[in-house]
Amino acid sequence: MSKTDLPILEQRRIEANIIKPIYEEMVSELGAERAKEILGAAIRKNAIAQGKAYADAQEAPTSLLGFHSLLPQWTANGALEVEMLEEGEAEVNYNVTRCQYSEMYREMGLAEIGHLLSCGRDGTFCTGYDPRIKLERTQTLMQGASHCDFRYRLEE
């Protein structure tokens, strides 16, 4: 796992600055839908690899609570405002009521792909970390909802 001291929000900003011109070129050559498909597939594969790297770097076996203990890396410096609903070995449920990732992508003119750049990573990152962890989310701030509803469960 490549560890950096940069907050994840800043890592995503750097990535988005690199991805933006590549995405724009893909749109001009392939069209928006195909460009989104390719970008989404690449980001999903990367998120799985990152989740696996986090799991491999741990000494303890993976668990839902171990996965949940990573959340402060994403919330650092107020990047996310979280309303915790339930924290347990089998379920972790919370709502994100403010998301600076979403705000940043909008400011960068990347609102149409922000869900691919960040939101789309969430479910596949947990799969890479531990395939037993499943995320159900029905809405996101990035796509205009009042909050993101994160519902993680551990399937044995």
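Averaging the sequence gap over all C-alpha pairs within less than 8 Å and six or more residues apart, then dividing by the number of residues, gives region 8-154 a relative contact order of 29 percent. Toward the positive end of the charge dipole of region 8-154, with +1 on the Cβ of Lys and Arg and -1 on the Cβ of Asp and Glu, the farthest Cα among Ile22, Val96, Ser69 is that of Ile22. A straight chain from Arg132 to Ser69 at 0.36 nm per residue would run longer than the Cα-Cα distance by 21.0 nm. Across region 117-156, no residue has a backbone nitrogen under 14 Å from the label position 7 Å along the beta-carbon direction of Glu87. Considered as an equivalent ellipsoid built on the Cα gyration tensor, the chain has semi-axes of 26, 18, 15 Å, the largest given first.
For region 32-72 versus region 85-145, the spacing of their alpha-carbon centroids is 12 Å. Label zone (Glu112, point 7 Å along Cα-to-C-beta; backbone nitrogen cut-off 19 Å) within region 12-35: 16-35.
If the chain between Ala57 and Ala76 were fully stretched, how many nm would it gain, using 0.36 nm times the residue separation less the Cα-Cα distance?
Gain in length upon complete extension: 4.8 nm.
Annotation note: GluC sites (Glu not before Pro) in region 1-64 located in DSSP loop regions with a Cβ neighbour count of at most 12 within 10 Å are Glu59.
Throughout, read-outs are computed from the coordinates displayed, never taken from laboratory work. All figures in this text were calculated on a predicted structure; none of them were measured in a lab. Glycine also receives a Cβ, built like all others from the backbone with ideal geometry; neighbour counts cover every protein chain displayed.
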